[in-house]
Amino acid sequence: MLNPKQVTIPSLVRVKPGALDRLGIYAQRHQFRRLVLCHSQDLQPALLERVTRALAGQEVRQVLPITAASVESAQSAFQQLPGEVDAIIGFGGGKALDVAKYLGFLSGLPYLAVPTSLSNDGFCSPQSSLTVAGRRRSLPAAMPFGVVIDSAVCLAAPEILWLSGVGDLAAKFTAVADWKLAFHARGTVVDDFAALLSDATVMQFIAHPARDAEGVKTLGTALMLNGIAMAICGSSRPASGSEHLISHALDATSARPRLHGLQVGVATYLASRLQGQHSESIAGLFTATGFWKAIEQDKFSRAEWLEAARRAPAIKTGFYTVLTARDCLPEIELLLREDRFLAPCFV
Ligand SMILES: [Zn+2]
(Lines give C-alpha, C1' and ligand atoms only; values in the text may rest on other atoms or scores of the structure.)
Protein backbone atom coordinates (compact mmCIF):
# COMPACT_ATOMS: atom_id res chain seq x y z
CA MET A 1 0.00 0.00 0.00
CA LEU A 2 1.16 3.52 -0.74
CA ASN A 3 2.17 5.68 2.15
CA PRO A 4 0.18 8.88 1.65
CA LYS A 5 1.99 12.00 2.78
CA GLN A 6 0.30 14.46 5.06
CA VAL A 7 1.02 17.76 3.37
CA THR A 8 -0.58 20.94 4.59
CA ILE A 9 -0.90 23.62 1.97
CA PRO A 10 -2.70 26.97 2.19
CA SER A 11 -6.47 26.81 1.68
CA LEU A 12 -6.95 30.55 1.43
CA VAL A 13 -4.90 32.20 -1.32
CA ARG A 14 -5.40 35.72 -2.65
CA VAL A 15 -2.89 37.53 -4.88
CA LYS A 16 -4.47 40.74 -6.15
CA PRO A 17 -4.53 44.50 -5.73
CA GLY A 18 -6.64 45.57 -2.76
CA ALA A 19 -6.48 42.15 -1.07
CA LEU A 20 -5.27 43.83 2.14
CA ASP A 21 -8.50 45.80 2.49
CA ARG A 22 -10.51 42.58 2.26
CA LEU A 23 -8.51 40.69 4.90
CA GLY A 24 -11.40 40.85 7.41
CA ILE A 25 -13.80 39.43 4.83
CA TYR A 26 -11.45 36.52 4.06
CA ALA A 27 -10.97 35.82 7.78
CA GLN A 28 -14.74 35.93 8.36
CA ARG A 29 -15.36 33.38 5.57
CA HIS A 30 -13.21 30.89 7.45
CA GLN A 31 -14.84 31.70 10.81
CA PHE A 32 -11.73 33.44 12.11
CA ARG A 33 -13.33 36.09 14.32
CA ARG A 34 -10.86 36.44 17.19
CA LEU A 35 -7.43 37.32 15.90
CA VAL A 36 -3.89 38.12 17.00
CA LEU A 37 -2.05 40.49 14.68
CA CYS A 38 1.77 40.40 14.54
CA HIS A 39 3.21 43.19 12.41
CA SER A 40 6.62 44.63 11.61
CA GLN A 41 7.53 47.30 14.14
CA ASP A 42 8.73 49.62 11.36
CA LEU A 43 5.65 49.21 9.19
CA GLN A 44 4.46 52.35 7.38
CA PRO A 45 1.69 53.92 9.51
CA ALA A 46 -0.60 54.04 6.45
CA LEU A 47 -0.36 50.24 6.06
CA LEU A 48 -1.06 49.69 9.75
CA GLU A 49 -4.12 51.92 9.45
CA ARG A 50 -5.32 49.94 6.45
CA VAL A 51 -5.01 46.57 8.15
CA THR A 52 -6.72 47.95 11.27
CA ARG A 53 -9.60 49.21 9.12
CA ALA A 54 -9.75 45.91 7.21
CA LEU A 55 -10.09 44.00 10.49
CA ALA A 56 -12.57 46.43 12.09
CA GLY A 57 -15.35 43.83 11.94
CA GLN A 58 -13.23 41.19 13.72
CA GLU A 59 -12.15 41.01 17.32
CA VAL A 60 -8.41 41.73 17.29
CA ARG A 61 -7.49 40.42 20.73
CA GLN A 62 -3.83 41.36 20.63
CA VAL A 63 -1.54 43.47 18.44
CA LEU A 64 2.14 42.55 18.61
CA PRO A 65 4.74 44.80 16.98
CA ILE A 66 7.68 42.53 16.09
CA THR A 67 11.21 43.87 16.33
CA ALA A 68 13.38 40.73 16.37
CA ALA A 69 13.04 37.46 14.48
CA SER A 70 14.08 35.38 17.46
CA VAL A 71 12.70 32.17 18.90
CA GLU A 72 12.71 33.91 22.27
CA SER A 73 10.30 36.62 21.08
CA ALA A 74 8.02 33.96 19.53
CA GLN A 75 8.04 32.00 22.80
CA SER A 76 7.26 35.08 24.89
CA ALA A 77 4.41 35.95 22.48
CA PHE A 78 3.15 32.40 22.92
CA GLN A 79 3.18 32.73 26.72
CA GLN A 80 1.24 35.99 26.52
CA LEU A 81 -1.25 34.74 23.95
CA PRO A 82 -4.82 35.53 25.07
CA GLY A 83 -7.29 32.63 25.37
CA GLU A 84 -9.91 31.98 22.69
CA VAL A 85 -8.09 33.01 19.55
CA ASP A 86 -9.13 31.64 16.14
CA ALA A 87 -6.10 32.62 14.05
CA ILE A 88 -2.79 34.46 13.97
CA ILE A 89 -2.05 37.04 11.29
CA GLY A 90 1.50 38.00 10.28
CA PHE A 91 1.69 41.32 8.46
CA GLY A 92 4.76 43.09 7.03
CA GLY A 93 8.31 41.94 6.33
CA GLY A 94 10.17 38.69 6.92
CA LYS A 95 10.79 39.09 10.66
CA ALA A 96 7.14 39.62 11.61
CA LEU A 97 6.06 36.80 9.32
CA ASP A 98 8.63 34.35 10.69
CA VAL A 99 7.65 35.10 14.29
CA ALA A 100 3.92 34.92 13.50
CA LYS A 101 4.39 31.63 11.63
CA TYR A 102 6.27 30.15 14.57
CA LEU A 103 3.62 31.46 16.98
CA GLY A 104 0.99 29.69 14.86
CA PHE A 105 3.07 26.51 15.01
CA LEU A 106 3.56 26.68 18.82
CA SER A 107 -0.10 27.40 19.50
CA GLY A 108 -1.49 25.06 16.83
CA LEU A 109 -3.61 27.95 15.51
CA PRO A 110 -4.15 28.67 11.80
CA TYR A 111 -1.77 31.31 10.51
CA LEU A 112 -2.39 33.85 7.75
CA ALA A 113 0.66 35.34 6.02
CA VAL A 114 0.19 38.85 4.66
CA PRO A 115 3.56 39.97 3.23
CA THR A 116 4.06 43.60 2.21
CA SER A 117 7.03 42.78 -0.04
CA LEU A 118 8.25 39.74 -1.98
CA SER A 119 11.92 39.65 -1.02
CA ASN A 120 12.20 35.86 -0.54
CA ASP A 121 10.16 32.64 -0.47
CA GLY A 122 9.93 32.49 3.33
CA PHE A 123 6.36 33.77 3.63
CA CYS A 124 4.94 30.42 2.58
CA SER A 125 7.52 27.83 3.62
CA PRO A 126 7.30 25.12 6.28
CA GLN A 127 10.20 26.69 8.25
CA SER A 128 10.74 29.81 10.31
CA SER A 129 14.07 31.59 10.06
CA LEU A 130 14.68 32.72 13.65
CA THR A 131 17.68 33.35 15.86
CA VAL A 132 18.20 31.00 18.79
CA ALA A 133 20.43 32.62 21.42
CA GLY A 134 21.63 35.05 18.76
CA ARG A 135 22.38 32.48 16.03
CA ARG A 136 20.19 32.24 12.96
CA ARG A 137 18.49 28.88 12.55
CA SER A 138 15.87 27.43 10.27
CA LEU A 139 13.25 25.88 12.55
CA PRO A 140 10.45 23.55 11.51
CA ALA A 141 7.10 25.33 11.57
CA ALA A 142 3.61 24.86 10.14
CA MET A 143 2.66 26.03 6.65
CA PRO A 144 0.33 29.03 6.60
CA PHE A 145 -3.39 28.31 6.37
CA GLY A 146 -3.72 31.40 4.22
CA VAL A 147 -1.55 33.63 2.04
CA VAL A 148 -2.91 37.07 1.20
CA ILE A 149 -0.69 39.12 -1.11
CA ASP A 150 -1.87 42.61 -1.97
CA SER A 151 -0.02 42.97 -5.26
CA ALA A 152 -0.40 46.79 -5.25
CA VAL A 153 1.20 46.98 -1.78
CA CYS A 154 4.10 44.73 -2.87
CA LEU A 155 4.54 46.75 -6.07
CA ALA A 156 4.91 49.92 -3.99
CA ALA A 157 7.67 48.34 -1.83
CA PRO A 158 11.29 49.35 -2.60
CA GLU A 159 12.65 47.87 -5.85
CA ILE A 160 15.60 46.25 -4.07
CA LEU A 161 13.17 43.96 -2.16
CA TRP A 162 11.60 42.90 -5.45
CA LEU A 163 15.06 42.16 -6.91
CA SER A 164 15.86 40.09 -3.83
CA GLY A 165 12.72 38.03 -4.51
CA VAL A 166 13.84 37.57 -8.13
CA GLY A 167 17.25 36.32 -6.90
CA ASP A 168 15.67 33.85 -4.47
CA LEU A 169 13.36 32.55 -7.19
CA ALA A 170 16.21 32.06 -9.71
CA ALA A 171 17.85 29.72 -7.18
CA LYS A 172 15.35 27.05 -8.13
CA PHE A 173 17.39 26.37 -11.29
CA THR A 174 20.54 25.52 -9.38
CA ALA A 175 18.78 23.95 -6.39
CA VAL A 176 17.06 21.39 -8.60
CA ALA A 177 20.31 20.77 -10.54
CA ASP A 178 22.15 20.13 -7.24
CA TRP A 179 19.36 17.82 -6.13
CA LYS A 180 19.81 15.76 -9.30
CA LEU A 181 23.60 15.70 -8.79
CA ALA A 182 22.98 14.44 -5.23
CA PHE A 183 20.77 11.69 -6.59
CA HIS A 184 23.42 10.48 -9.02
CA ALA A 185 26.30 10.75 -6.54
CA ARG A 186 24.65 9.75 -3.27
CA GLY A 187 21.21 8.38 -4.09
CA THR A 188 19.38 11.33 -2.49
CA VAL A 189 15.78 10.71 -3.48
CA VAL A 190 14.33 13.34 -5.81
CA ASP A 191 10.63 14.09 -5.44
CA ASP A 192 9.70 14.50 -9.11
CA PHE A 193 6.57 16.52 -8.49
CA ALA A 194 8.31 18.97 -6.16
CA ALA A 195 11.16 19.39 -8.68
CA LEU A 196 8.66 19.92 -11.49
CA LEU A 197 6.71 22.50 -9.51
CA SER A 198 9.91 24.31 -8.66
CA ASP A 199 11.01 24.40 -12.31
CA ALA A 200 7.58 25.51 -13.50
CA THR A 201 7.37 28.46 -11.11
CA VAL A 202 10.58 30.03 -12.33
CA MET A 203 9.73 29.44 -16.01
CA GLN A 204 6.38 31.16 -15.56
CA PHE A 205 8.04 34.24 -14.10
CA ILE A 206 10.77 34.32 -16.76
CA ALA A 207 8.03 34.62 -19.39
CA HIS A 208 7.06 37.98 -17.90
CA PRO A 209 9.76 39.30 -15.56
CA ALA A 210 8.45 42.88 -15.36
CA ARG A 211 7.95 44.87 -12.20
CA ASP A 212 4.30 45.61 -12.86
CA ALA A 213 0.94 44.32 -11.60
CA GLU A 214 1.22 41.10 -13.63
CA GLY A 215 4.89 40.54 -12.71
CA VAL A 216 4.19 40.97 -9.00
CA LYS A 217 1.40 38.46 -9.27
CA THR A 218 3.59 35.84 -10.99
CA LEU A 219 6.54 36.46 -8.63
CA GLY A 220 4.28 36.20 -5.55
CA THR A 221 2.63 33.04 -6.87
CA ALA A 222 5.98 31.52 -7.87
CA LEU A 223 7.58 32.16 -4.47
CA MET A 224 4.50 30.70 -2.77
CA LEU A 225 4.57 27.56 -4.92
CA ASN A 226 8.23 27.15 -4.03
CA GLY A 227 7.32 26.98 -0.39
CA ILE A 228 4.69 24.40 -1.26
CA ALA A 229 7.25 22.36 -3.24
CA MET A 230 9.36 22.21 -0.05
CA ALA A 231 6.35 21.11 2.00
CA ILE A 232 5.48 18.40 -0.54
CA CYS A 233 8.85 16.68 -0.34
CA GLY A 234 9.64 17.53 3.28
CA SER A 235 12.99 19.10 2.40
CA SER A 236 14.38 22.43 1.25
CA ARG A 237 15.96 20.75 -1.83
CA PRO A 238 13.52 22.16 -4.43
CA ALA A 239 14.34 25.73 -3.39
CA SER A 240 17.81 25.61 -1.92
CA GLY A 241 21.14 24.19 -3.09
CA SER A 242 24.79 25.29 -3.30
CA GLU A 243 23.75 28.92 -3.94
CA HIS A 244 22.00 29.00 -0.54
CA LEU A 245 25.03 27.43 1.16
CA ILE A 246 27.19 30.30 -0.15
CA SER A 247 24.61 32.84 1.05
CA HIS A 248 24.43 31.21 4.51
CA ALA A 249 28.25 31.29 4.72
CA LEU A 250 28.18 35.00 3.79
CA ASP A 251 25.59 35.67 6.52
CA ALA A 252 27.97 34.10 9.02
CA THR A 253 31.20 35.74 7.84
CA SER A 254 30.57 38.91 5.81
CA ALA A 255 31.21 42.30 7.41
CA ARG A 256 27.95 43.49 5.86
CA PRO A 257 25.58 40.71 4.80
CA ARG A 258 23.08 41.86 2.16
CA LEU A 259 19.48 40.92 1.51
CA HIS A 260 19.09 37.14 1.27
CA GLY A 261 17.89 37.14 -2.35
CA LEU A 262 20.66 39.46 -3.57
CA GLN A 263 23.34 37.12 -2.24
CA VAL A 264 21.44 34.05 -3.39
CA GLY A 265 20.86 35.48 -6.88
CA VAL A 266 24.53 36.17 -7.58
CA ALA A 267 25.46 32.79 -6.06
CA THR A 268 22.85 31.17 -8.30
CA TYR A 269 24.49 32.44 -11.47
CA LEU A 270 27.90 31.38 -10.09
CA ALA A 271 26.61 27.89 -9.24
CA SER A 272 25.01 27.59 -12.68
CA ARG A 273 28.42 28.20 -14.26
CA LEU A 274 29.89 25.42 -12.11
CA GLN A 275 26.99 23.11 -12.98
CA GLY A 276 27.28 24.01 -16.67
CA GLN A 277 23.58 24.65 -17.23
CA HIS A 278 20.91 27.40 -17.16
CA SER A 279 23.51 30.21 -17.00
CA GLU A 280 22.06 32.02 -20.01
CA SER A 281 18.49 31.94 -18.70
CA ILE A 282 19.61 33.24 -15.30
CA ALA A 283 21.81 35.99 -16.74
CA GLY A 284 19.00 37.01 -19.10
CA LEU A 285 16.51 37.19 -16.24
CA PHE A 286 18.90 39.35 -14.21
CA THR A 287 19.53 41.68 -17.16
CA ALA A 288 15.79 42.01 -17.88
CA THR A 289 14.92 42.82 -14.26
CA GLY A 290 17.84 45.17 -13.55
CA PHE A 291 19.25 42.75 -10.96
CA TRP A 292 22.82 43.00 -12.26
CA LYS A 293 22.64 46.79 -12.32
CA ALA A 294 21.55 46.95 -8.69
CA ILE A 295 24.41 44.67 -7.59
CA GLU A 296 26.96 46.66 -9.60
CA GLN A 297 25.89 49.80 -7.73
CA ASP A 298 26.74 48.19 -4.39
CA LYS A 299 29.39 45.60 -5.18
CA PHE A 300 30.26 42.50 -3.19
CA SER A 301 33.72 41.75 -1.81
CA ARG A 302 35.57 39.12 -3.84
CA ALA A 303 37.64 38.10 -0.82
CA GLU A 304 34.50 37.56 1.30
CA TRP A 305 32.89 35.47 -1.42
CA LEU A 306 35.94 33.25 -1.80
CA GLU A 307 35.96 32.66 1.94
CA ALA A 308 32.21 31.93 1.87
CA ALA A 309 32.65 29.50 -1.04
CA ARG A 310 35.41 27.74 0.91
CA ARG A 311 33.16 27.32 3.95
CA ALA A 312 29.91 26.59 2.07
CA PRO A 313 30.24 22.79 1.58
CA ALA A 314 30.51 22.29 5.36
CA ILE A 315 27.42 24.39 6.20
CA LYS A 316 25.01 21.44 5.98
CA THR A 317 26.38 17.99 6.67
CA GLY A 318 25.42 15.29 4.20
CA PHE A 319 24.06 17.87 1.74
CA TYR A 320 25.67 17.02 -1.60
CA THR A 321 25.94 19.82 -4.18
CA VAL A 322 28.22 20.81 -7.05
CA LEU A 323 30.53 22.28 -4.36
CA THR A 324 31.03 18.78 -2.91
CA ALA A 325 31.47 17.17 -6.31
CA ARG A 326 34.91 18.71 -6.88
CA ASP A 327 37.19 21.45 -5.59
CA CYS A 328 35.43 24.42 -7.21
CA LEU A 329 37.54 27.14 -5.59
CA PRO A 330 39.99 27.70 -8.49
CA GLU A 331 37.05 27.93 -10.94
CA ILE A 332 35.17 30.31 -8.62
CA GLU A 333 38.20 32.55 -8.26
CA LEU A 334 38.50 32.76 -12.04
CA LEU A 335 34.75 33.32 -12.58
CA LEU A 336 34.55 36.15 -10.03
CA ARG A 337 37.40 37.88 -11.88
CA GLU A 338 36.66 37.11 -15.49
CA ASP A 339 33.02 36.18 -16.08
CA ARG A 340 31.36 39.06 -17.94
CA PHE A 341 28.35 39.15 -15.60
CA LEU A 342 30.14 38.40 -12.32
CA ALA A 343 33.28 40.52 -12.65
CA PRO A 344 31.40 43.89 -12.52
CA CYS A 345 29.62 42.76 -9.30
CA PHE A 346 32.85 42.47 -7.27
CA VAL A 347 35.65 44.58 -5.89
ZN1 LIG B 1 16.02 31.53 -0.18
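Some notes on this structure:
- Residue-normalised accessible area of segment 20-79, given per residue in Å² at a 1.4 Å probe: 54 Å²
- Simple spin-label estimate for Ala56 and Arg310 gives 6.1 nm between the two label positions (7 Å along the Cα-to-Cβ direction from each Cα).
- For the chain, the 222 nm mean residue ellipticity estimated from helices alone, with every DSSP H stretch of n ≥ 4 adding -39500 (n - 2.57) and the total spread over all residues, rounds to -16000 deg cm²/dmol.
- Accessible area per residue in Å² at 1.4 Å probe, computed on segment 134-184: 35 Å²
- DSSP bridge orientation in segment 94-219 - percent antiparallel, rounded to nearest 5: 75 percent
- Cα-based Rg of the chain normalised by 2.2 N^0.38 Å, two decimals: 0.98
- Between Glu338 and Phe78, the simple spin-label model (points 7 angstrom out along Cα→Cβ) gives 5.3 nm.
- A straight line joining the Cα centroids of segment 91-109 and segment 135-179 runs 15 Å.
- Distance cut-off 14 Å, percentage of C-alpha pairs in segment 205-247 lying past it: 57 percent
- Accessible area of the chain belonging to carbon and sulfur atoms, whole % at 1.4 Å probe: 54 percent
- Accessible area (Å², per residue) of segment 238-347, counting only protein heavy atoms and a probe of 1.4 Å: 43 Å²
- Of the residues Val7, Pro209, Gly241, the one whose Cα sits farthest toward the positive end of the charge dipole of the chain, with +1 on the Cβ of Lys and Arg and -1 on the Cβ of Asp and Glu, is Val7.
- Largest-first principal axis extents, alpha carbons of segment 1-122, Å: 54, 33, 33
- Cα centre as origin, Lys/Arg/Asp/Glu Cβ charges: the chain dipole, Debye: 440 debye
- For the chain, the share of DSSP beta bridges that are antiparallel, to the nearest 5, is 20%.
- Dipole in debye (nearest 20) - segment 22-91, about Cα centre, beta carbon charges: Lys, Arg +1; Asp, Glu -1: 340 debye
- Counting only residues at least eight positions apart within a chain, or on another chain, the lysines with an alpha carbon under 27 Å from that of Lys16 are Lys95, Lys101, Lys172, Lys217.
- Long-range tail of P(r) for segment 70-164 (Cα pairs > 15 Å, %): 58 percent
The values are calculated or read from the model by the stated rules, or taken from the named source; none is laboratory data. Remember, predicted model here, so these are calculated numbers, not experimental data. Note that we place each Cβ from the backbone using ideal geometry, even for glycine, and neighbour counts take in every protein chain shown. Heads up: the accessible areas ignore ligands, DNA and RNA and are worked out on the full protein's heavy atoms, side chains in. Shrake-Rupley method; radii C 1.70, N 1.55, O 1.52, S 1.80 Å.
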